[in-house]
Amino acid sequence: MTKEKKPAYGGQAVLEGVMFAGKHTYVTAIRRNDDTIEYFELKKKPSPILSKLKKIPFLRGFIAIIEASMNGTQHLNFSAERFGINPGEEEKEEEEKPSKFAFFFSLAIIGVLSFLFGKFVFTLVPVFLAEAFRFIVPGHLGQNLLEGLFKFIFLLSYIYFVSLTPAIKRVFMYHGAEHKVINTYEAGDELTVENVKKHSRLHYRCGSSFILFTVIVGMFIYYFFPSDPLWLRILCRLALIPVVLGVSFEVLQLTNKLRDVPVLRYLGYPGLWLQLLTTKEPDEKQIEVSIISFNEMLRRDASYESELNASKIV
């Protein structure tokens, strides 16, 4: 008897909660200071153009990353604003809240600075470091491998050190809870705390795996482009960012499809190993929040699907 194929749901850990993405909506559930659960929803807006672009291999990955980043940021902002507010302080919080323009302007500035810093550290700094060792490793292949090695070291170091902070450690625990819930659902098991605890905190479709694949895929792609002179090397690295992202997304999708093939499943193992750093074992209350968020997403998704089918009949 063949196993029923489940929809491929995804999610994201936020501060004291988890967001899950359905076919029609994104739903976040967070646990507040008074132990109550609060929801945040962003309904997906149909776009014929985006729907067509998402069907084009390599380009669809770049589109998916931008879309996920935009939606994920809004859910993170919600969790950051709400989880630490004590009951009865909502009115005071609203009074102290800055104007919408100031709020979104500050978010835009932070987003731009974070993007520039991230690209500088993970794209340009390894280039400069590899170039500094050219007198030892002068060849094109050696320079490419050395650049990739520095990126890999930076990635692992960054994840390790941020995971030492209490807030990020809890986010990583919710990240583990998110994976456990999806693994439980895809296995066809009932979503109870005890069942979820038994499943792995690692998952083939995780964004952590995607980040690692960008380093590995980048090394292969950069090999076909010049590493000298330095200015041309930098220009190529920046221009190829969308290409690396698009190819890495396809590799991630491929490893997920091959995870049940005995030999080829090992292609996804490097990404799973990285998740040993980006996920932690969650406690029961975190698992409970993740289950609640997932069930709420399923409920609202089913409701929108029913409305859509009803409108087609009419």
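Only one of the numbered conditions (1) at pLDDT 85 or above; (2) outside any loop (DSSP other than H, G, I, E, B) is violated by ILE66, and that is (1).
Please count how many residues of region 5-22 are within 17 Å of the chain's Cα centre (by Cα) and surrounded by fewer than 17 Cβ atoms within 10 Å (Cβ to Cβ). Break it down stepwise before answering.
Initially, region 5-22 is screened for residues within 17 Å of the chain's Cα centre (by Cα), giving 8-22.
Imposing the further condition that a residue be surrounded by fewer than 17 Cβ atoms within 10 Å (Cβ to Cβ) reduces the set to 8.
So the answer is 1.
Pairs are defined by a Cβ separation below 9 Å, a sequence spacing of at least 6 or placement on different chains, a first member in region 186-203 that is touching a residue at least 60 places away in the same chain (Cβ under 8 Å), and a second member that is surrounded by fewer than 17 Cβ atoms within 10 Å (Cβ to Cβ) and not in a helix (DSSP H, G or I); the pairs so defined are GLU186/LYS6; GLU186/ALA8; GLY188/LYS3; GLY188/GLU4; GLY188/LYS6; VAL196/ASP189; LYS197/GLU281; ARG201/GLU281. Pairs meeting the criteria (first residue in region 51-75 and at negative phi and surrounded by fewer than 16 Cβ atoms within 10 Å (Cβ to Cβ), second residue assigned to a helix (DSSP H, G or I) and not hydrophobic (A, V, I, L, M, F, W, C), beta carbons under 7 Å, at least 6 apart or on different chains) are LEU53/ARG60; LYS54/ARG60; PRO57/GLU250; LEU59/GLY246.
Please find, within region 1-40, the residue that is nearest to SER303 (Cα to Cα) out of those that are of a type in the set (Asp, Glu) and modelled with pLDDT under 90. Give the derivation first.
Start the filter on region 1-40 by keeping residues that are of a type in the set (Asp, Glu), which leaves 4, 16, 34-35, 38.
Then drop every residue that is not modelled with pLDDT under 90, which leaves 4, 34-35.
Details: GLU4: 22, ASP34: 29, ASP35: 27 Å.
Of everything passing the filter in region 1-40, GLU4 is nearest to SER303 (Cα to Cα).
The set of residues in region 51-67 that are within 23 Å of SER303 (Cβ to Cβ) and within 20 Å of the chain's Cα centre (by Cα) contains only GLU67. Among the residues of region 160-216 satisfying the criterion of being surrounded by fewer than 19 Cβ atoms within 10 Å (Cβ to Cβ) and aromatic (Phe, Trp, Tyr), which is nearest to the chain's Cα centre (by Cα)? Here the answer is TYR160.
The values are calculated or read from the model by the stated rules, or taken from the named source; none is laboratory data. As the structure is a computational prediction, the values presented were derived from the model and not from experiment. Here Cβ is always computed from backbone atoms with ideal geometry, including for glycine, and neighbour counts include all displayed protein chains.
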